[in-house]
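Participant: Dropping the structure in here first, questions after.
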Amino acid sequence: MRLVISAVCVIVLFSYAAAYDPLDPNGNITIKWDVVSWTPDGYVAVVTMSNFQMFRHIMNPGWTLGWTWAKKEVIWSMVGAQTTEQGDCSKFKGNVPHCCKKTPTVVDLLPGVPYNQQFSNCCKGGVVAAWGQDPSSAVSSFQVSIGLAGTSNKTVKLPKNFTLLGPGPGYTCGPAKVVPSTVFLTPDKRRKTQALMTWNVTCTYSQFLARKNPGCCVSLSSFYNETITPCPTCACGCQNKRNCVKSNSKRINMVGIHTSKKDNEPLLQCTHHMCPIRVHWHVKLNYKDYWRVKVAVTNFNYRMNYSLWTLAVQHPNLNNVTQVFSFDYKPLLPYESINDTGMFYGMKYFNDLLMEAGPTGNVQSEILLQKNQDTFTFKQGWAFPRKVYFNGEECMLPPPDSYPILPNSAPVNLLNFPAFVLTMLVMITVW
């Protein structure tokens, strides 16, 4: 019995740990249902998805939301989103529901849909920005009319078994919980209205569930050592090694080679690390009171470009960033007393789109940091980052013993060798 209890405890603790990000401990996606009116056989609800993750956004092809109805509910209509399947609605005559499936799957509408199909914060193809990057674009919503459901707070049964793809796996959603009703402010800001009923669903992300291997890696270099520490071999797994493309291959110029597939299967450039993304951190210059770092992000995937990309870095000297060139920067404070984490992202309309692999498939910037004389050092790899995340995925760093190191100081007898030679020449001349 003790063994069983211990095993259960370990599983529970592991599941919580897998969904916990130390650099974004409060990050989650909250899905809020607000019942705004009752209908003869159900209700109309506004569903709002808010991405409270600081540096992890939902990229193209966007989110997919699913759930299971508690009873025999149907979706009469939707505005701002649609289900991927209608299901069997043969028992209905006259008005046919939008969806009759027990387990509907909902996706966002694409940009440019007719105005009468749009809803506030909809129609972005499911792309949702990270909260730390752009809070105004970190929301997606739609309106849904439900039938064959409860028509009061006491008779409504909450949907269950929520699932979220963003766009791939990795999110785990908890049960729906009734919360205090949302309060709305009218456009003239003179009157408050209230939802008839509100429930929330919280979804958290785990990289362990999303993928077996990392999705990016880090390489390192410095001005004080000619050695370049590359990404670890097969850092992102070498399962795509057979289908990779060499950088000088004629296959790159084939028509359709850059078109994304439905399953987002990558087409990678052949490298020893086989990662779609490489982040390079170069310690460039050392001044009296400052030091300078160059950061470059390279895309090795011929089928993917990254819009609204983010780069999160943990380093103790990020508490004193003087200037960032070419990137936007925002400090992240997961723990208010510690300021060692920051988020870099592209400037809008300049470099916020990381193109697919090729000559234009990279973005780069330089960072000027002020030294803290009590802690600053180039010894033991201090100048290199502790953690690196690209688009919310933690990148694999090289092993610490391979970091570029300071040159060894010359021995005393070697430093005195020119003086010894000069002394011998003088003695020979005198002799």
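Participant: Before we move on, is PHE208 open to solvent by 50 Å² or more (accessible area, probe 1.4 Å) and assigned to a strand (DSSP E or B)?
Facilitator: Numbers: open to solvent by 50 Å² or more (accessible area, probe 1.4 Å): yes; assigned to a strand (DSSP E or B): no.
Answer is no for this residue.
Participant: Looking at segment 62-84, can you tell me whether even one residue there is under 21 Å from the mean Cα position of the chain (by Cα) and open to solvent by 30 Å² or more (accessible area, probe 1.4 Å)?
Facilitator: Yes - at least one qualifying residue is present in segment 62-84.
Participant: Just checking, does segment 78-90 include any residue being hydrophobic (A, V, I, L, M, F, W, C) and closer than 25 Å to TYR205 by Cβ?
Facilitator: Scanning segment 78-90, I find at least one residue that is hydrophobic (A, V, I, L, M, F, W, C) and closer than 25 Å to TYR205 by Cβ, so the answer is yes.
Participant: What number of residues in segment 176-209 are under 23 Å from the mean Cα position of the chain (by Cα) and not β-branched (Val, Ile, Thr)? Steps first, please.
Facilitator: As a first pass, look at segment 176-209 and keep what is under 23 Å from the mean Cα position of the chain (by Cα): 200-209.
Going one step further and asking which of them are not β-branched (Val, Ile, Thr), we end up with 200, 203, 205-209.
The qualifying residues number 7.
Participant: Within segment 29-46, is even one residue among the aromatic types (Phe, Trp, Tyr), open to solvent by 20 Å² or more (accessible area, probe 1.4 Å), more than 20 Å from PRO175 (Cβ to Cβ) and at pLDDT 95 or above? Break it down into steps so the answer makes sense when it comes.
Facilitator: Residues of segment 29-46 among the aromatic types (Phe, Trp, Tyr): 33, 38, 43.
Still in the running and open to solvent by 20 Å² or more (accessible area, probe 1.4 Å): 38.
Filter once more, keeping what is more than 20 Å from PRO175 (Cβ to Cβ): 38.
Those left that are additionally at pLDDT 95 or above: 38.
Looking for residues that are among the aromatic types (Phe, Trp, Tyr), open to solvent by 20 Å² or more (accessible area, probe 1.4 Å), more than 20 Å from PRO175 (Cβ to Cβ) and at pLDDT 95 or above, one finds at least one in segment 29-46, hence yes.
Participant: With respect to THR198, is the statement that it is open to solvent by 40 Å² or more (accessible area, probe 1.4 Å), touching a strand residue (DSSP E or B) at 6+ places or on another chain (Cβ under 7 Å) and closer than 29 Å to VAL35 by Cα true? Steps first, answer last, please.
Facilitator: Values: open to solvent by 40 Å² or more (accessible area, probe 1.4 Å): no; touching a strand residue (DSSP E or B) at 6+ places or on another chain (Cβ under 7 Å): yes; closer than 29 Å to VAL35 by Cα: yes.
When the stated conditions are applied, THR198 does not pass them.
Participant: So, one more: Residues ASP340, ASP352: which one is open to solvent by 30 Å² or more (accessible area, probe 1.4 Å), of a type in the set (Asp, Glu) and closer than 21 Å to VAL128 by Cβ? It would help to see each step written out before you state the result.
Facilitator: Numbers: ASP340 fails: closer than 21 Å to VAL128 by Cβ.
Exactly one residue qualifies, and that residue is ASP352.
Participant: Which of the strands (runs of 3 or more DSSP E) contained wholly in segment 221-327 include at least 3 residues that are open to solvent by 40 Å² or more (accessible area, probe 1.4 Å)?
Facilitator: Strands (runs of 3 or more DSSP E) meeting the threshold: 225-229, 277-286, 290-299, 321-325.
Participant: Yes or no: PRO214 in a loop (DSSP other than H, G, I, E, B), in contact (Cβ under 8 Å) with a residue 40 or more places away in the chain and either in the same structural domain as ALA45 (by the TED database) or of a type outside the set (A, V, I, L, M) (or both)?
Facilitator: In short, yes.
Per-residue answers, yes or no, for (1) modelled with pLDDT of 95 or more; (2) assigned to a strand (DSSP E or B); (3) among the hydrophobic types (A, V, I, L, M, F, W, C); (4) in contact with an Asp or Glu (Cβ under 6 Å, 6 or more places away or on another chain):
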residue	(1), (2), (3), (4)
THR360	no, no, no, no
SER365	yes, yes, no, no
GLN373	no, no, no, no
ASP401	no, no, no, no
ILE405	no, no, yes, no
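Participant: Among the candidates MET49, MET59, which residue alone is modelled with pLDDT of 55 or more, closer than 29 Å to THR83 by Cα, under 27 Å from the mean Cα position of the chain (by Cα) and open to solvent by 10 Å² or more (accessible area, probe 1.4 Å)? Quick ask: steps written out before the conclusion?
Facilitator: Working: MET49 fails: open to solvent by 10 Å² or more (accessible area, probe 1.4 Å).
Just a single option satisfies the conditions, and that option is MET59.
Participant: Sticking with this structure for a sec: Among the numbered criteria (1) over 19 Å from SER37 (Cα atoms); (2) touching a Phe, Trp or Tyr at 6+ places or on another chain (Cβ under 6 Å), which single criterion is violated by CYS100?
Facilitator: With (1) over 19 Å from SER37 (Cα atoms); (2) touching a Phe, Trp or Tyr at 6+ places or on another chain (Cβ under 6 Å) applied to CYS100, the lone miss is (2).
Participant: Further question on the same structure: Can you confirm whether segment 140-159 contains a residue that is in contact with a Phe, Trp or Tyr (Cβ under 8 Å, 6 or more places away or on another chain), farther than 15 Å from ALA45 by Cα and of a type outside the set (Lys, Arg)?
Facilitator: No: segment 140-159 contains no residue that is in contact with a Phe, Trp or Tyr (Cβ under 8 Å, 6 or more places away or on another chain), farther than 15 Å from ALA45 by Cα and of a type outside the set (Lys, Arg).
The values are calculated or read from the model by the stated rules, or taken from the named source; none is laboratory data. Note that the coordinates shown come from a computational prediction; the quantities given were computed from them, not determined experimentally. Backbone-built Cβ (ideal geometry, glycine too); neighbour counts: all protein chains shown. For the accessible areas, the whole protein counts, side chains as well, though only heavy atoms, and no ligand, DNA or RNA atoms are used. Shrake-Rupley method; radii C 1.70, N 1.55, O 1.52, S 1.80 Å.
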